[in-house]
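Before I ask anything, let me first share the structure, which is written out below as structure tokens.
The values are calculated or read from the model by the stated rules, or taken from the named source; none is laboratory data. Not measured: the values here are computed from a predicted model. Please note: Cβ atoms are built from the backbone with ideal geometry, for glycine as well, and neighbour counts cover all protein chains shown. To get the accessible areas, we keep the full protein, side chains included, count just its heavy atoms, and leave off ligands, DNA and RNA. Shrake-Rupley method; radii C 1.70, N 1.55, O 1.52, S 1.80 Å.
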Amino acid sequence: MSKVVKFGGSSLASAEQFKKVGDIVRADASRKYVVPSAPGKRFKEDTKVTDMLYGCYELAEQGKDFKKALGEIKERYQEIIDGLDLDLSLDDEFAVIGKNFREKAGSNYAASRGEYLNGIIMAKYLGFAFVDAATVIFFNEDGTLDEEKTNEVLSVKLAECDKAVVPGFYGSMPDGSVRTFSRGGSDITGSIVAKAAKVDVYENWTDVSGFLIADPRIIENPQGIDVITYKELRELSYMGATVLHEDAIFPVRQQGIPINIRNTNAPEDNGTWIVGSTCQKSKYVITGIAGKKGFCSINIEKDMMNSEIGFGRKVLQAFEENGISFEHVPSGIDTMTVFVHQDEFMHKEQKVVAGIHRLAKPDSIEIESDLALIAVVGRGMKSTRGTAGRIFSALAHANVNVRMIDQGSSEQNIIIGVANEDFETAIRAIYDIFVITRL
């Protein structure tokens with residue numbers, strides 16, 4: 001048995017948190033590869049080290065004195081080193097960082113130093129080998145991950161190490177410069193390491209005990225999710241569930257490696273297991289509810305639309321020409337509605353409308369703004385009759401007007417469109433009927 005363990009920023013924000021992490025790693029000999037994030041917030045008003053680095057580099061880029069800002073970052077790390085009573089100095093590392101900041105090494109380089117420095121501390125604290133992610137994780141010229149080279153080089157490197165620390169969030173470009181993933185990208189690094197090391201489990205440690213059925217900011221003390229499939233997770237992550245970076249599932253999915261979301265502050269909790277497939281039934285018909293506000297709909301009408309070959313392509317071409325991606329496209333015999341992100345669309349709406357008129361020659365176009373989309377996801381929905389009916393019944397009871405419904409072909413998710421102002425009410429109504437009353 002072997003495991004990769006990734007720890008988020010809140011799990012490594014202070015020496016006290018580092019000690020918890022150390023206890024977790026040492027409690028299980030199979031936890032061989034550790035992927036740390038940069039230190040997060042120690043308290044609510046605190047600043048994450050990654051944000052401190054961005055701010056410091058911005059000063060350097062503007063030609064301003066950044067010595068004080070870099071010194072404050074160094075103090076954060078020294079506080080951790082002193083709290084762990086380590087014989088370790090980062091003076092040389094900070095000298096190099098200062099030099100590279102002055103030489104405008106780039107914001108990607110700046111942001112990556114948070115994980116890099118935390119990785120050095122973690123390796124020293126655990127007595128593990130330190131592997132700089134820039135030497136084993138590679139990006140293509142276009143910024144996409146070079147999966148083949150990364151897996152080949154990283155596999156060889158990890159085979160040489162009985163136990164190792166690989167910092168999260170970054171790798172290197174073909175020219176050797178540092179490149180980062182998007183925010184939260186340490187989750188992806190953990191997945192890449194898990195694939196390369198061919199481990200049995202990828203444990204992702206954070207500050208919550210796994211996924212919850214609904215957003216705790218909307219539902220008070222929502223039930224947790226014991227087991228969720230990759231497909232269900234993709235749907236929920238895309239619609240706003242943020243415990244795990246949505247791209248982190250791809251490397252491990254290819255190898256059938258399960259992900260276990262765990263809580264650093266409550267290591268006794270089982271957390272949530274993310275798997276390819278399972279025979280375990282969900283406790284409820286639905287697995288989870290997630291959603292986002294800030295959409296608008298463009299409703300296109302044209303008589304005999306259904307018999308005009310290529311009509312849909314012509315409409316969507318108008319969005320493509322303006323660099324706008326669509327979310328959902330429900331349609332009827334003479335109508336077609338396109339849902340898009342409002343903030344992307346609003347500045348280009350007249351160009352898009354003109355494009356639709358030019359390309360598709362519709363009878364009319366109507367735009368509705370301030371809409372929200374809610375995804376109701378669950379593998380149990382496929383084998384349960386009347387799921388959609390129960391959703392609509394709950395929403396009608398809560399006086400929520402449904403503006404759109406779109407059910408995926410997998411029958412594992414239903415997307416509902418409502419007004420922004422009805423968003424929270426709708427989620428509470430759906431949660432109530434499937435989880436609390438279970439009618």
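Which numbered condition trips up Ile120, out of (1) assigned to a loop (DSSP other than H, G, I, E, B); (2) among the hydrophobic types (A, V, I, L, M, F, W, C); (3) open to solvent by 20 Å² or more (accessible area, probe 1.4 Å)?
Ile120 satisfies every listed condition except (1).
Scan the range 43-92 for residues that are part of a helix (DSSP H, G or I), within 26 Å of Gly127 (Cβ to Cβ) and open to solvent by 40 Å² or more (accessible area, probe 1.4 Å) and report the count.
7
Return the residues of the range 183-198 that are at pLDDT 90 or above, open to solvent by less than 10 Å² (accessible area, probe 1.4 Å) and either part of a loop (DSSP other than H, G, I, E, B) or in contact with a Gly (Cβ under 6 Å, 6 or more places away or on another chain) (or both); say none if nothing qualifies.
Hits for the range 183-198 are Ser186, Thr189.
A follow-up question, please. Restricting to the range 214-229, and then to whatever is touching a Phe, Trp or Tyr at 6+ places or on another chain (Cβ under 7 Å) and of a type in the set (Val, Ile, Thr), can you tell me which residue is farthest from Ile259 (Cα to Cα)?
In this case the residue turns out to be Ile219.
Same structure, new question: Just the residues that are under 30 Å from the mean Cα position of the chain (by Cα) and either of a type in the set (A, V, I, L, M) or over 18 Å from Ala38 (Cβ atoms) (or both), please, taken from the range 82-106.
Ile97, Lys104, Ala105
Would you pick out the residues in the range 264-323 that are open to solvent by 20 Å² or more (accessible area, probe 1.4 Å) and aromatic (Phe, Trp, Tyr)?
Once the filter is applied, which keeps residues that are open to solvent by 20 Å² or more (accessible area, probe 1.4 Å) and aromatic (Phe, Trp, Tyr), the range 264-323 yields Trp273, Tyr284.
Looking only at the range 335-374, which residues are small (Gly, Ala, Ser) and closer than 29 Å to Thr425 by Cα? Reasoning before the result, please.
At the first step, the residues of the range 335-374 found to be small (Gly, Ala, Ser) are 354-355, 360, 364, 369, 372.
Ser369, Ala372 - these are the residues of the range 335-374 that are small (Gly, Ala, Ser) and closer than 29 Å to Thr425 by Cα.
Quick test of your reading of the structure: Asp146 fulfils all but one of (1) surrounded by 16 or more Cβ atoms within 10 Å (Cβ to Cβ); (2) without any contact (Cβ under 8 Å) to a residue 12 or more places away in the chain; (3) in contact with a helix residue (DSSP H, G or I) (Cβ under 9 Å, 6 or more places away or on another chain). Name the failing condition by number.
(3)
How many residues are surrounded by fewer than 16 Cβ atoms within 10 Å (Cβ to Cβ) and either within 16 Å of Gly389 (Cα to Cα) or free of Cβ contacts under 8 Å to residues at least 40 places away in the same chain (or both) if we restrict to the range 410-424? Break it down stepwise before answering.
First, the residues of the range 410-424 that are surrounded by fewer than 16 Cβ atoms within 10 Å (Cβ to Cβ): 410-411, 420-421.
In the following step, the residues that additionally are either within 16 Å of Gly389 (Cα to Cα) or free of Cβ contacts under 8 Å to residues at least 40 places away in the same chain (or both) were identified as 411.
Qualifying residue count, the range 410-424: 1.
Right, something else. Can you list the helices (runs of 4 or more DSSP H) found entirely within the range 293-386 that contain at least 3 residues being touching a helix residue (DSSP H, G or I) at 6+ places or on another chain (Cβ under 9 Å)?
By residue number, 311-321, 349-360.
A further question on this structure: Need pairs with beta-carbon distance below 7 Å; first residue within 16 Å of Ala194 (Cα to Cα) and open to solvent by 10 Å² or more (accessible area, probe 1.4 Å) and within the range 1-16, second part of a helix (DSSP H, G or I) and charged (D, E, K, R); sequence gap 6+ or separate chains.
Filtered contacts from the range 1-16: Lys6/Asp187.
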